[in-house]
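The values are calculated or read from the model by the stated rules, or taken from the named source; none is laboratory data. Quantities reported herein were computed from a predicted structural model and do not represent experimental measurements. We place every Cβ from the backbone using ideal geometry, glycine too, and count neighbours over all the protein chains shown. Protein only, heavy atoms only, side chains kept; ligands, DNA and RNA dropped before computing areas. Shrake-Rupley method; radii C 1.70, N 1.55, O 1.52, S 1.80 Å.
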Amino acid sequence: MLPYLLLAPALFVVGAFFLVPLAFSVGGAFEGPQGPTLANLANAASLYRMDLLFTLLIVVASTALTGLGAVAIGGYLTLGRSKLALRLLGAMYRWPLFIPFIVAAQAMRGFIGQNGLMNNTLVWIGLMPQEWAQSFLDWRGIVITFVWKQLPFATLLVAGAMAALDRSGIEAAQNLGANRLRILIGIVIPQVARNIMVALVLSFVTMMSVLSVPMMISGQSPTMLTVAMAWRINSFGDYGTANALGLVSCVMTGLVAWVWLRQAAAERAR
Amino acid sequence: MGTSVEVDDLSVSFGRTSVLHGISLSVAAGEFVALLGPSGCGKTTLLRAIAGFVPPSAGRIRAGGQDITRAPPEKRGAAMVFQSYALWPHMTVAKTIGYGLKLRGWNSGRIDAKVEEMLRLLRLEGLGARLPAQLSGGQRQRVALGRALAVDPAILLLDEPMSNLDARVREGVRHELRALQQSLGITAIHVTHDREEAMIMADRIVILQEGRIAQAGTPEDLWARPASAYVADFLGATNRLPVRIQGSQAEASPGEAPLDLAADRSPPPGPATVHFRPEEARILAAGEPLDGLVFRGTVALSAYPGGRWRASIRVGRDDVLVDVPDRLPEGAAVRLGIPSPAAHVFAAP
């Protein structure tokens, strides 16, 4: 009896705050004024096909860049030789973890806009003429913000796994003449591949669900599905289409999770 | 073919803790040297400094006359076999052995041929496609050795590579490794805390004590003439009994003849300690003379570990162990004789 009692609060939270709303949303995607319908899905597909593609491209690109960055930072933390650089990098890379997406987006607006801090600084130190200054407040800004925000999280997982590797395995490769890039690619990454996948899947899912960043960085069309959903609800009270868009997002993240789970299961079977 | 290694006045510190204090050591090309000592004596640090994994705070390391003190590990021509074997869990045996060759730009045909040769040499035929998790401890150890030997290193560094093997396998591997080193002519430096392993395998043994060389020499020299109580104790002379030095003579029990000590082996007059091995002491018959030290004691216990009896003899307040051919009755009064070559006398601590 005791195990069930201990489990009950967790089950209640998952049920009440996740499963029930999810079921309502999924149900809502197929609900019209005259009963069950596929019109919401058709509406979502016809109106927001470009946004869907835009979302997918942005999140895939951001996930890939996050993965590259996490491997690069984790790799340097594991194989780097400069003690000062290691200490600085180790201390600094976590900072964005503690900044909410909305604050990151606001900070990024001030940084990468046409008259933002980045352009002004580059012009001021003479690295770029004023005419070259352009705004990054479009899809590039969303990708930059997502990567900046997710990189610490992914790095935390990847660098932690790298740090837990048997150090003598790295030394053995070094001893045989491997340089650090070869050690990273041939020895370190294959041993932490699962952790990298976990970091990427979780980052993908997180980025799919962020509203504030696309809303604040680039509200123009095409935009991300989260903005489209908010628009349908706030402007039209159209919960049906919003739910259909939510279902599409859910299917996209579900597919990614499924691919990862399949791979993890195949690895365990080996 | 091997190359010489010279370590000159080498010191290593970790933060404020000094681990090696001015070690000087010379290893000839093709020689097998064992670094022997208990945990924490600095033997692995010395090996890792030679391999390039630990930066020295002072001193020089040369290989074949070339200064390699600041050279990165990959430029030293030394291959290391790690205590944990350090095999890569995702890599097959064949790929692991061929890894160093791939780094050297060999084509796959040459790599395959060399890997096959190593697999044969190390009796790993047919295991090339296996992952480390599918191998036994002895096989893993041989793969680690194969990976190091495949690149034809001038220096082979062995960091307790047998400590994870069971006793029966270890016995065979010692002889195999020594034969292999001799046939390939590689210079080998072997870290171990196992005295027997060092004695069997090495041309020369270097005993380390708290980051300094306590004594270096051939196994026979160290065995017969330990320079200090620490070395004697580490080389199996674990029995200790108090003696008194008068002039150049050591006195044991009253009424027994004193032992004349050679001038270079005599501690200063006063209290001293004799160290001896259980298998080198004897029980003497009443009145039997001996060129050595004789103590009177009683038998406290007899046990049979196999082959011969081991008796615990109480002398005064000390207990010592002695190997005897027959069981001694407990409580019996005995004369314990330590022949002169087996009696290692040092000033009392």
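Table for the structure above
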| read-out | value |
| --- | --- |
| Apportionment of accessible area to carbon and sulfur, the protein assembly as shown, percent (1.4 Å) | 60 percent |
| Expected 222 nm ellipticity per residue - DSSP helices of 4 or more, -39500 (n - 2.57), all of chain A, to 500 | -24500 deg cm²/dmol |
| Heavy atoms of A:Val26: accessible area, 1.4 Å probe, square angstrom to 10 | 50 Å² |
| Kirkwood-Stokes translational diffusion coefficient of the protein assembly as shown, alpha-carbon pairs, 20 °C, 1.002 mPa s, µm²/s | 70 µm²/s |
| Two-decimal log10 I(q)/I(0) for region B:65-131, as the Debye equation yields it once each C-alpha is a single scatterer, q = 0.17, 0.18, 0.19, 0.29 Å⁻¹ | -0.73, -0.79, -0.86, -1.32 |
| Karplus 3J(HN,Hα) series, Hz, for region B:245-257 with 6.51 cos²θ - 1.76 cosθ + 1.60 (x for Gly, Pro) | 9, 10, x, 10, 10, 9, 10, 9, 6, x, x, 9, 5 |
| Loop-located trypsin sites (Lys or Arg not before Pro) in region B:245-335, at most 15 other Cβ atoms within 10 Å (DSSP) | B:Arg317, B:Arg327 |
| Gyration tensor (alpha-carbon) shape descriptor, region A:118-270, a/c threshold 1.5 | oblate |
| For region B:73-210, alpha-carbon Rg over 2.2 N^0.38 Å | 1.03 |
| For region B:74-104, residues shielded by at least 40 square angstrom of accessible area compared with the chain on its own, probe 1.4 Å | B:Glu74, B:Phe82, B:Trp88, B:His90, B:Tyr99, B:Leu103 |
| Selection of GluC sites (Glu not before Pro), region B:268-349, meeting DSSP coil and at most 14 other Cβ within 10 Å | B:Glu330 |
| Chain B - accessible surface per residue (Å², probe 1.4 Å) | 45 Å² |
| Cα-based helix-to-principal-axis angle, B:93-103 vs chain B, degrees rounded to 10 | 70 degrees |
| Computed over chain A, the ratio Rg/Rh where both radii use C-alpha atoms and Rh is Kirkwood | 1.04 |
| Buried accessible area, chains B and A (both chains, 1.4 Å probe, Å² to nearest 100) | 1700 Å² |
| Loop trypsin sites (Lys or Arg not before Pro), region B:1-52, which have at most 10 other Cβ atoms in a 10 Å radius of their Cβ (DSSP) | B:Arg16 |
| Chain B - share of DSSP beta bridges that are antiparallel (%, nearest 5) | 75 percent |
| Shape call, region B:236-347: gyration tensor on alpha carbons, a/c limit 1.5 | prolate |
| Nearest 10 degrees, 0 to 90: helix A:39-79 Cα axis against chain A principal axis | 20 degrees |
| Alpha-carbon centroid distance for the pair region A:102-152 / region B:230-283, whole angstrom | 83 Å |
| Alpha-carbon centroids, region B:177-200 and region A:188-202: separation in whole Å | 41 Å |
| Between 0 and 90°, nearest 10: helix A:139-163 axis offset from chain A longest Cα axis | 50 degrees |
| Alpha carbon convex hull of chain B, projected area averaged over orientations, nm² | 21.0 nm² |
| Most mobile of B:Gly105, B:Gly236, B:Gly137 in a GNM of chain B (Cα contacts under 10 Å) | B:Gly105 |
| Fluctuation leader among A:Ser235, A:Ser249, A:Ser212 - chain A, Gaussian network, Cα springs under 10 angstrom | A:Ser235 |
| Span per principal axis, largest first, for the Cα atoms of region A:166-219 (Å) | 53, 19, 14 |
| Residues B:Ala300 and B:Thr218, FRET efficiency given R0 of 35 Å [Cβ-Cβ distance, rounded to 0.05] | 0.45 |
| Mean ellipticity per residue at 222 nm, deg cm²/dmol - from DSSP H runs of n ≥ 4 across chain B, formula -39500 (n - 2.57) | -7500 deg cm²/dmol |
| Base-10 log of normalised Debye intensity for region B:1-131 (one unit scatterer per alpha-carbon) at q = 0.09, 0.14, 0.16, 0.18 Å⁻¹ | -0.35, -0.78, -0.94, -1.06 |
| More than 23 Å apart - percent of Cα-Cα pairs taken over region A:17-128 | 64 percent |
